[in-house]
Amino acid sequence: MEQLGNICNGKIAAVFLFLLIITSIAEAQASPANVSTAGSASTNDYRNVAFFREPGVQVAVSSHSFRNGAMVHDGVCPLNRPFVAADSVSNWWISSEYEHLPQWVWFHFSGPRRIDKLVLYASTNADMNPAEFSGQFLSGNDDKFHTFFQVENAQYNPKTHCCTIQFKPEVTDNLRLMIERNNASVTPKTWVAALAQVEVYGVDVTNGIEASSSTLPSRPLPLLKSNLGPTMFVPEIKDMGSTMDISTPWYHMVLDKSQSRIMELCWDSLGQGEFGVNFLQGNGACPILEPVFHSAMPLGTSTLLRTNNVFFYTPTELATGACEQVSIRFNERGFDLDLAAVANHPLIMRGGLFRFDFAANQTPTTFVCHPSQIVNYVTMPAYLAAPDFGTAYITSTGDAAAFYRKPSALFPATTYWVDVTPHEPAAEDGLNEIGPKPWHATMHFEVQCPEPLPNLIKDDPQLKRLPKYSLNMVQWRPDTGIIGNSVMSVPCGLAILFYAQQAVFAPQLKDGISPMAMVGASVDRYFQGAPGYQMPNVNVCSPDWSSSRETAAYLVVSAWYVVRTIGGKEQLNQWLEPLECLANHIESQFGPDGLIYYRGHRTMWFDTYKFQGADAYSNAADYEAFQCMADLETLASRTNMAARYQEDASRLKAAYFKSFYNPKTGVLAGWRAEDGTLHDYMFPWVNGFAICQGLVPPEQAESILQVLLAKLDEIGFHSYSLGLPTNLKPMSPADYIPHTSGAPKQADGMDTWQVYMNGGATPAIEYYFIQALYQTGQYDAAERLLWPLMSSFEKGTFNAGIQLPRKKQRNPVGSAFYQWDGSRGRGEGYLPENWDGVEALFTGHYGIGFNRDGYYLEPWSPLKGQKTKLNLPYMGKNVPYVTPIK
């Protein structure tokens with residue numbers, strides 16, 4: 001790249017002369033290599049005034065991809081750097097694949113420039129090239145963006161990928177290119193913009209002409225005053241010298257006495273004073289203001305004052321001419337966070353005015369909220385759930401406010417910063433503003449005790465702590481708009497069904513907030529093409545769409561749960577097309593024997609196995625998907641399509657058992673290669689899932705489960721508090737991806753036995769095995785597995801925090817996949833799938849089923865003859881009681 005720059009610099013003088021005498025049409029055909037370095041000559045010359053070597057020039061972008069492009073690792077923006085090659089993705093700026101257009105590129109010059117030309121060098125991906133855009137500047141006269149040119153259908157030279165825009169000269173110290181539309185016509189391509197380079201041509205202004213400057217005159221700062229008055233309640237307060245320690249049985253907080261910041265925060269949904277972790281790290285929670293082109297000012301000093309149960313800090317300087325006051329009132333079950341900010345001139349910032357730096361390595365605190373149509377934001381009211389500790393309900397009064405999660409890398413996220421913004425969400429770029437008019441808002445945090453089916457569980461001594469983990473299935477990433485593998489991890493379509501199933505029996509929350517609605521938002525994003533683990537960045541109706549083996553089926557079944565619980569026909573009408581695309585995708589994989597074959601290297605949730613041909617688990621998932629599609633098509637009054645998918649389900653069922661049953665072991669094999677070879681390591685999760693789907697004849701189902709239970713005894717596994725082993729026979733190296741965790745080298749697989757997916761104990765996907773025991777009449781055996789697992793949920797065993805670089809997990813043992821003695825776990829730490837077994841409490845132990853007709857009691861249910869209160873949704877309406885018969 002440096003050599004190319006030297007070559008270009010040698011041609012600068014000739015290029016300048018050329019650019020000054022040719023027409024704009026000829027300019028559009030100029031070679032990118034020749035014009036890219038213009039701007040390093042005399043500062044009074046006509047030149048590229050946005051070039052990175054220009055003194056004081058700065059560039060900011062609305063977002064960038066964390067998957068592709070030059071800024072994937074928060075690298076330097078390439079747009080005003082020496083031009084390299086437009087055909088290399090690694091050289092492009094690409095906006096975030098999870099956000100939407102409009103997107104922008106914003107240049108700030110060190111002083112006023114008279115500009116009259118913009119040159120764009122597009123990527124070689126024509127769909128992502130800007131098609132409709134405008135040039136804007138931020139004026140210091142009225143603090144508004146002014147548009148001075150607009151392009152509605154940009155044309156790029158096919159050879160140079162260059163587009164030149166001449167416009168009436170404008171004197172300004174900044175230029176924002178606002179990209180409204182690209183050349184794509186389908187999601188998610190319509191969401192993304194890409195560029196290889198941007199050049200802005202002009203000269204310095206030295207003759208006293210007034211510039212359109214982004215700097216406004218300052219004014220005196222008005223006084224800030226807290227809105228909080230004291231009450232009669234007084235929490236326990238300890239003066240620790242440099243800090244104040246404040247607590248009630250419901251929450252604990254530590255305040256810095258010399259800076260406006262919360263150093264520690266924890267709560268307990270049971271009000272028992274159990275505060276074993278700090279939700280915060282680094283600077284804790286404190287005032288912040290990040291101007292677009294400047295770094296945030298270090299947190300200054302402040303004095304902490306007190307009036308009874310109200311603590312307030314003297315105002316803290318946020319930036320030159322801006323300050324904020326923080327006040328906190330402590331109540332019995334919660335606290336009020338009062339924020340007031342003002343600036344003596346309008347200030348545009350990225351994010352908000354108060355930042356929570358959450359410590360996901362301790363516990364992955366997450367929002368449970370109404371999914372926002374504007375990515376990165378969470379509106380109030382909302383819940384903030386700290387897995388295994390408790391949940392707070394957050395409302396706000398005063399001026400508008402919202403939460404903004406600063407976008408971060410997908411896996412693992414490098415930050416977990418959540419800001420309180422001074423406005424409701426308006427755009428995904430996170431831009432907000434304060435000025436001479438004071439902004440004042442109060443957030444009310446109330447610790448609550450969310451219980452699923454409280455009438456059933458409230459008196460059960462084995463479930464006292466259920467409110468602390470009742471929302472553990474939700475790990476919401478506002479910066480993707482999808483429930484993720486965790487708040488610090490990548491979206492995983494291959495896990496969405498776990499979240500959907502658990503959401504059926506989630507606690508009833510206020511203001512219509514529902515984990516199932518968050519599942520629905522995630523499904524919708526996947527339908528439109530949002531990328532995820534083993535999922536491409538294309539629409540599900542695209543012929544290029546692919547996924548792990550079970551993801552298509554999981555999306556269909558999860559959508560069925562959303563429709564049948566909260567969505568109803570209205571939601572179905574919006575989703576019918578992508579649902580049929582997914583069903584047809586599965587249908588296209590049918591082999592002549594009636595099984596679904598996923599050819600090529602396709603893994604699944606168990607992503608270290610070398611699946612071949614047709615596998616038993618995804619075929620069972622595909623069967624369930626066809627059944628769900630038949631039901632949804634019937635609901636949509638499309639009888640022909642319903643019959644088609646029902647026939648698909650029947651075809652698969654007819655081939656299933658005879659194809660996967662292994663008479664040598666007495667169980668279903670994991671997969672069947674195309675040559676007919678069965679690969680059987682006695683997987684409990686495969687057999688349990690197939691039995692739950694009704695794919696195993698009743699007489700064989702009970703026998704299979706008994707064989708697996710006997711095998712557990714034979715291999716000496718009794719650690720049911722950790723889940724079940726992934727497989728009961730050691731994996732062969734031939735069937736395990738090498739150089740992955742747990743990959744064996746010995747032929748018998750014993751060198752890594754009990755490690756990760758080679759026999760490691762995991763609570764994930766155990767639900768199906770336990771439920772299969774209930775369904776086959778083996779109630780006592782099911783209870784023998786369920787309650788040790790529930791005991792671990794009660795203890796918080798599986799929440800070790802998230803494994804992050806250079807961060808210490810709360811539980812050094814780890815989680816997800818354990819050696820049988822519990823001494824060590826493997827995996828990235830917290831996984832929502834670990835709590836999948838909670839569902840067996842409701843569908844198994846209590847025997848409450850759910851199908852297309854709603855809720856019902858299973859034959860073994862101990863609730864028969866009782867009037868059991870539910871208050872759960874079905875087809876968008878509340879169901880107060882469970883139906884006594886199936």
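May I ask for the percentage of alpha-carbon pairs in the stretch 319-425 that lie more than 21 Å from each other?
Everything past 21 Å amounts to 41 percent.
Taking Cα pairs under 8 Å and at least six residues apart, what relative contact order does the stretch 266-396 come out at, in percent?
Relative contact order comes out at 26 percent.
Considering the dipole of the chain built from charges on the beta carbon (Lys and Arg +1, Asp and Glu -1) around the Cα centre, which of VAL375, PHE330, TYR533 is farthest to its positive end?
PHE330
Among all the lysines, which ones have a C-alpha under 25 Å from LYS144's C-alpha, if same-chain residues fewer than 8 places away are not counted?
LYS117, LYS168, LYS406, LYS437
Divide, for the stretch 775-886, the radius of gyration over alpha carbons by 2.2 N^0.38 Å, where N is the residue count.
With N residues counted in the stretch 775-886, Rg over 2.2 N^0.38 Å equals 1.37.
Pairs of Cα atoms under 8 Å, at least six residues apart: use those to get the relative contact order of the stretch 733-886, whole percent.
The normalised contact order for the stretch 733-886 reaches 19 percent.
Treating only the Cβ of Lys, Arg, Asp and Glu as charged (+1, +1, -1, -1), what charge dipole size does the chain show about its Cα centre? Round to the nearest 20 debye.
400
Can you pull the Kirkwood radius for the stretch 614-752, inverse mean 1/r over Cα pairs, to one decimal in Å?
Kirkwood hydrodynamic radius for the stretch 614-752: 16.6 Å.
Kindly rank 476-483, 804-811 from highest to lowest mean number of other beta carbons found within 10 Å of each residue.
Highest mean packing first, the order is 476-483, 804-811.
Over the alpha carbons of the stretch 155-209, what is the largest minus smallest coordinate on each principal axis, giving the biggest first in Å?
49, 25, 18
What span do the alpha-carbon atoms of the stretch 245-324 cover on each of the three principal axes, reported in whole Å from largest to smallest?
Largest first, the stretch 245-324 extends 46, 28, 16 Å along its Cα principal axes.
How fast does the stretch 435-588 diffuse by Stokes-Einstein, in µm²/s, taking the Kirkwood radius from C-alpha pairs at 10 °C and 1.306 mPa s?
93
At what distance in angstrom do the alpha carbon centres of the stretch 50-111 and the stretch 425-443 lie from each other?
26
So how exposed is HIS161, as accessible area in Å² (1.4 Å probe, rounded to 10)?
Number for this one is 50 Å².
Go ahead and run the numbers for FRET between ASN141 and ASN640, Cβ-Cβ distance against an R0 of 41 Å, rounding to 0.05.
Rounded to the nearest 0.05, the efficiency is 0.05.
Could you order peptides 72-82, 392-402 by the average number of other Cβ atoms within 10 Å of their residues, highest first?
Averaged packing, sorted descending, gives the order 392-402, 72-82.
Show that you can apply the helix-only estimate: for the chain, add -39,500 (n - 2.57) for every DSSP H stretch of four or more residues, divide by all residues, and state [θ] at 222 nm to the nearest 500.
-6500 deg cm²/dmol
Take the Cα pairs of the stretch 681-747, get the Kirkwood Rh, then feed it into Stokes-Einstein at 4 °C and 1.567 mPa s and tell me D in µm²/s.
96
Taking the highest mean first, how do the peptides 540-550, 280-290 order by number of other beta carbon atoms within 10 angstrom per residue?
Packing order, densest peptide first, comes out as 280-290, 540-550.
Which translational diffusion coefficient, to the nearest whole µm²/s, is obtained for the stretch 67-138 from the Stokes-Einstein equation, given a Kirkwood hydrodynamic radius over C-alpha pairs, 37 °C and 0.692 mPa s?
234
Please work out, to two decimal places, the log10 of the ratio I(q)/I(0) at q = 0.13, 0.15, 0.24 Å⁻¹ from a Debye calculation in which every Cα of the stretch 747-825 carries one identical scatterer.
So the normalised log intensities work out to -0.51, -0.66, -1.13.
If R₀ is 56 angstrom, what is the calculated FRET efficiency for the pair ASP713 and MET240, using the beta carbon separation as r and rounding to 0.05?
Step by step, r from the Cβ atoms, then E = 0.55.
Which whole-number percent gives the relative contact order of the chain, counting Cα pairs below 8 Å spaced six or more residues apart?
Once normalised by length, the contact order is 8 percent.
If I histogram all Cα-Cα distances within the chain using bins 10 Å wide from 0, what percent of pairs lands in each bin?
For the chain, the binned pair fractions read 2, 12, 20, 22, 19, 14, 9, 3, 1, 0 percent.
Would you list, by chain and number, the lysines whose Cα falls below 25 Å from the Cα of LYS464, excluding same-chain residues fewer than 8 positions away?
Straight-distance partners of LYS464: LYS510, LYS795, LYS864, LYS867, LYS869.
The values are calculated or read from the model by the stated rules, or taken from the named source; none is laboratory data. Nothing here was measured: the structure is a model prediction, and the numbers come from that model. Positions of Cβ are generated from backbone atoms using ideal geometry, with glycine treated the same way; all protein chains shown enter the neighbour counts. Note: areas computed on protein heavy atoms with side chains; ligands, DNA, RNA excluded. Shrake-Rupley method; radii C 1.70, N 1.55, O 1.52, S 1.80 Å.
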